Amino acid sequence: MEIFNKKQDLKDCLSSLKAKEKSIGFVPTMGALHEGHLSLIKKAKQKNDIVVVSIFVNPTQFDNNEDLKKYPKTLKNDIKLLESASCDLLFSPSVEEIYEENISSENFDFDGLEHQMEGKFREGHFNGVGTVVKTLFEIIEPKRAYFGQKDFQQLQIIKKMVNKNRLPVKIKGCPIFREKDGLAMSSRNIRLTKEQRDLAPFIYETLKKVREKFGSENANIINEWVENQFKKQPLLDLEYFTIAEEKTLETIENRESKKKYRAFIAVYADKIRLIDNIRLKN
Ligand code: PAF
């Protein structure tokens, strides 16, 4: 695997590969890689000649400085994992390399997707994500880019950005990867204490029960039920739970037969924020 820190070096390498008609698959990450990331790389390997992974902890998408400072950084181990996954190129730039002198976000209009769920609790988050992903797309110009469905709102927002800006890249959403006990894999999981880690599967357990209830119960009743479940769990603080339509991410009012719905949740274990979601059968 070749490692690049400078965008011009990566661009030069990619243009010689593209001249040989090699297709480029791209997996953007913030590092602290786990099986979920490796599954995206595996998907990318199946469809593309060359797979590029980026590791960049993007400061503009953090609304909380402590979360940014404490974001796990495990580059040495990440490199080992990438090599074992046969990743071809790693792009690991500095903040200056991406933002030069101006560490700020572009203002995007994602047709309202940005105001739902995460958008209500993490100010400026999606402008930061949009800015960095667009910049990385401009540098790498991939044919396909791979994102996990754990960040389902992010996935929809990136699809929207690509459509609105007519960017020549296909966005591929990939299934959530879970630990054996159901906890959605996340780089933040390694920050959980043993006690928090033991309790965290409760999040997915609750989502699975929501999926059962969605067949017969009204969304408001399910919301109330979820809130009550979390009141019994003092170590897990529910930030939001909502059942929303997949396309608009708007909270459900009346169920319509042709629409697809998901339940979304964000929970704090002390200062560590965990999100998850589940597709519901309509
Ligand atoms: O999902 C992530 O890890 C990040 O939001 C992304 C897409 C790499 C942008 O920084």
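Throughout, read-outs are computed from the coordinates displayed, never taken from laboratory work. Bear in mind that the values here come from a model prediction, so they are computed numbers and not experimental data. Cβ: placed from backbone, ideal geometry, glycine included. Neighbour counts: every protein chain shown.
When the pairs 172/259; 80/170; 73/247; 22/170; 43/281 are compared against a 23 Å limit on Cα-Cα distance, 80/170; 73/247; 43/281 fall above it.
For the chain, the gyration tensor built on C-alpha atoms gives a prolate shape. Its axis ratio a/c (a ≥ b ≥ c) is at least 1.5, and a/b is the larger of a/b and b/c.
Structure remark: mean-square fluctuation, Gaussian network model of the chain, C-alpha springs under 10 Å; the largest value among 26, 214, 147 belongs to 214. Highest mobility in the GNM of the chain, judged by mean-square fluctuation with C-alpha springs under 10 Å and restricted to 221, 79, 50, is found for 221.
Per-residue ellipticity at 222 nm, computed for the chain from helices alone with -39500 (n - 2.57) per DSSP H run of at least four residues, works out to -11500 deg cm²/dmol. Please label the shape of region 1-99 as rounded, prolate or oblate, based on the square roots a ≥ b ≥ c of the eigenvalues of the alpha-carbon gyration tensor (a/c under 1.5 means rounded; beyond that, a/b larger than b/c means prolate, else oblate). It comes out oblate by the Cα gyration axes. Measure out, as a whole number of angstrom, how far apart the alpha-carbon centroids of region 16-39 and region 208-264 sit. Measuring centre to centre over Cα atoms gives 34 Å.
Per 0.36 nm of contour for each residue apart, how much would the distance between residue 15 and residue 96 grow if the chain were fully extended, relative to their Cα-Cα spacing? Each step should come with its number before you reach the end.
Details: separation 81, 0.36 × 81 = 29.16 nm, distance 2.29 nm.
Here the answer is 26.9 nm.
In this structure, residue 279 and residue 138 have a Cβ-Cβ separation that, at R0 = 41 Å, corresponds to a calculated FRET efficiency of about 0.80.
Sorting 27, 162, 267 by the number of Cβ atoms found within 10 Å of their own Cβ, with the fewest placed first, yields 162, 267, 27.
What is the angle, in °, between the Cα long axis of helix 152-164 and the longest principal axis of the Cα atoms in the chain? Nearest 10 is fine, range 0 to 90. Result, in degrees: 50. With R₀ set to 35 Å, the beta-carbon distance separating residue 6 from residue 49 gives a calculated FRET efficiency near 0.95. By its C-alpha gyration tensor, with a ≥ b ≥ c as the square roots of the eigenvalues, how is region 159-257 shaped: rounded for a/c under 1.5, else prolate for a/b larger than b/c, else oblate? Note, shape of region 159-257 comes out oblate. With the simple spin-label model, which puts each label point 7 Å out from Cα in the Cβ direction, the residue 80 to residue 23 separation comes to 3.3 nm. Here each label is just a point 7 Å from Cα along the line to Cβ, and for residue 257 and residue 270 those points are 5.1 nm apart.
Between the listed residues 68, 234, 154, the Cα displaced farthest toward the positive end of the dipole of the chain, a dipole computed from Cβ unit charges relative to the Cα centre, is found at 154. Residues considered: 124, 112, 173. Largest GNM mean-square fluctuation over the chain, using C-alpha springs under 10 Å, is found at 112.
Among beta bridges identified by DSSP and lying wholly in the chain, the antiparallel ones come to about 50 percent.
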